[in-house]
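The values are calculated or read from the model by the stated rules, or taken from the named source; none is laboratory data. For clarity, every value in this text was computed on a predicted model and none was experimentally measured. Because the Cβ atoms are built from the backbone with ideal geometry, glycine has one as well, and the counts that use them run over all protein chains shown. For accessibility, only protein heavy atoms count, side chains too; no ligands or nucleic acids. Shrake-Rupley method; radii C 1.70, N 1.55, O 1.52, S 1.80 Å.
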Amino acid sequence: MKQTFGLIGYPLTHSFSKKFFTEKFSLEGIDSVYENFEIDNIDKLPAVIRENPILKGLNVTIPYKQDVFAYLDEVDEAAQEIGAVNTIRVEREGAVYRLRGFNTDVIGFGDSIQPLLKAHHKKALVLGTGGASKAVVWALQKLGLSTVLVSRSPKGEGQISYRDLDESLMEEYTVVVNTTPLGTYPKTEGFPDIPYQFITEKHLLYDLVYNPEKTRFLEKGEEQGATIKNGLDMLHGQALAAWEIWNRD
């Protein structure tokens with residue numbers, strides 16, 4: 001029987017992970033399969049594990065990145081601090097199994113932005129306060145940058161409103177990361193409401209969105225001379241980090 005890996009979430013209308021790993025297995029001659037396990041309730045996770053005795057690892061997508069914590073025996077430090085798990089390693093001994101949770105978004109993002117960071121990139125604006133923003137903030141802080149979250153309705157310390165973004169703030173915060181879905185296909189005309197006129201060649205704009213390849217957010221930054229990067233390398237990086245976790249001895 002082939003080793004099995006898979007994805008849990010709901011709904012699973014399109015899956016980057018299944019396509020990515022199926023192609024990887026085919027190209028590299030890896031005798032494994034990757035399945036989508038669409039479950040409408042996280043309570044069904046134990047049944048997925050039991051009914052697939054050769055399942056070695058899972059990716060976790062919306063809406064279960066937080067809910068899955070209740071089913072894990074162990075969670076690594078980054079995932080614990082971020083409050084989201086997107087990768088599960090299944091460790092078995094006979095009928096007994098242990099589930100270990102990880103966050104590989106933080107690895108994918110950190111590895112993809114690090115080569116673009118220059119000495120003057122000391123502060124970052126993180127647009128959006130959803131689950132992805134937590135991984136981005138964690139990675140940026142590990143890379144030595146201080147961060148501020150920008151929200152339409154800021155709550156508490158470390159968050160500001162889009163209305164607060166003025167010339168002096170934009171000059172000070174030279175890394176801007178979009179973690180919102182604005183500009184994602186098919187609604188490609190959308191973009192975060194920041195004062196693009198204050199973007200310069202010193203800025204680095206990073207968009208977690210990868211479809212389209214160049215969002216309006218990135219286009220508007222590029223027009224001002226900024227360095228730009230989309231989220232495709234992050235996506236590949238988090239998948240490869242999951243593969244490494246699943247195959248550790």
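Quick notes
- The mean accessible area for residues of the chain, using a 1.4 Å probe and ignoring ligands and nucleic acids, is 51 Å² per residue.
- Acute angle (nearest 10 degrees) that the helix 16-28 long axis makes with the longest principal axis of the chain, alpha-carbon atoms: 60
- Highest-first arrangement of 222-229, 162-169, 25-32, where packing means the average Cβ count within 10 Å: 222-229, 162-169, 25-32
- Accessible surface of the chain [probe 1.4 Å, protein heavy atoms]: carbon and sulfur percent: 50
- Counting only aspartates and glutamates at least 8 places from residue 202 when in the same chain, those with an alpha carbon closer than 20 Å to its own are 166, 167, 171, 172, 193, 219, 222, 223.
- Phi-based couplings in Hz for segment 223-236 (Karplus 6.51, -1.76, 1.60; Gly and Pro marked x): 4, 8, x, 6, 6, 10, 7, 9, x, 5, 5, 4, 4, 5
- For residue 44, a cut-off of 16 angstrom between C-alpha atoms picks up these aspartates and glutamates, skipping any fewer than 8 places away in its own chain: 35, 67.
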